[in-house]
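The values are calculated or read from the model by the stated rules, or taken from the named source; none is laboratory data. These figures come from a predicted structure and were not determined experimentally. Neighbour counts run over all protein chains shown; Cβ positions are idealised from the backbone, glycine included. Each accessible area value is taken on the protein alone, full model and side chains, heavy atoms only, with ligands, DNA and RNA left out. Shrake-Rupley method; radii C 1.70, N 1.55, O 1.52, S 1.80 Å.
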Amino acid sequence: MSSERYLNHPTFGMLYQVFLGNDGRDIYATLYAQKMFFLVEIRQREVFFEVIPYLDARNQAELNLQRARRTRSEDLPKWENLFTQTFL
């Protein structure tokens, strides 16, 4: 299973990776409140943060789970656990 990924946001502090997004843009949530979600894109030496609504983040997480199930990813238990902890 892959290790957990964290980033430090300049205003909101520590973020954790909730799931893989599309086009190399992953979804992260604030570590403590778990109510703010960010679409994060890392390019060379720059990190771009875009706030996204809860329902958009949940929808993307569901798509990620479907993809992991379809491909029988070995990381599926990790993504299911993160989805449960974050959205249920």
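One table, with the values for the structure above:
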| item | result |
| --- | --- |
| Segment SER73-TYR54, length gained on full extension (0.36 nm per residue, minus Cα span) | 4.3 nm |
| The chain, helix-only ellipticity at 222 nm - DSSP H runs n ≥ 4, -39,500 (n - 2.57), divided by all residues, nearest 500 | -10500 deg cm²/dmol |
| Lys, Arg +1 and Asp, Glu -1 on Cβ, resulting dipole of the chain about Cα centre, debye, nearest 20 | 140 debye |
| The chain - percent of accessible surface contributed by carbon and sulfur, probe 1.4 Å | 49 percent |
| DSSP-assigned coil residues among chymotrypsin sites (Phe, Trp or Tyr not before Pro) in the chain, each with at most 16 further Cβ atoms within 10 Å | TYR32 |
| Percent RCO, i.e. relative contact order, over the range 6-87, from Cα pairs under 8 Å lying at least 6 residues apart | 21 percent |
| Net charge contributed by nearby residues that have their C-beta within less than 10 Å of TYR16 (K/R +1, D/E -1) | 0 |
| Distance in nm between pseudo-label sites at ASP23 and ARG5 (7 Å out along the Cβ direction from Cα) | 1.7 nm |
| Candidate values (i) 8.7; (ii) 5.7; (iii) 5.2, label of the one derived for mean projected area of the Cα convex hull in nm² | (ii) |
| Sequence of THR11, THR84 from largest to smallest accessible area, 1.4 Å probe | THR11, THR84 |
| 1.4 Å probe accessible area per residue over the range 6-87, in Å² | 65 Å² |
| Largest-first ordering by accessible area, 1.4 Å probe, given options VAL47, VAL18 | VAL47, VAL18 |
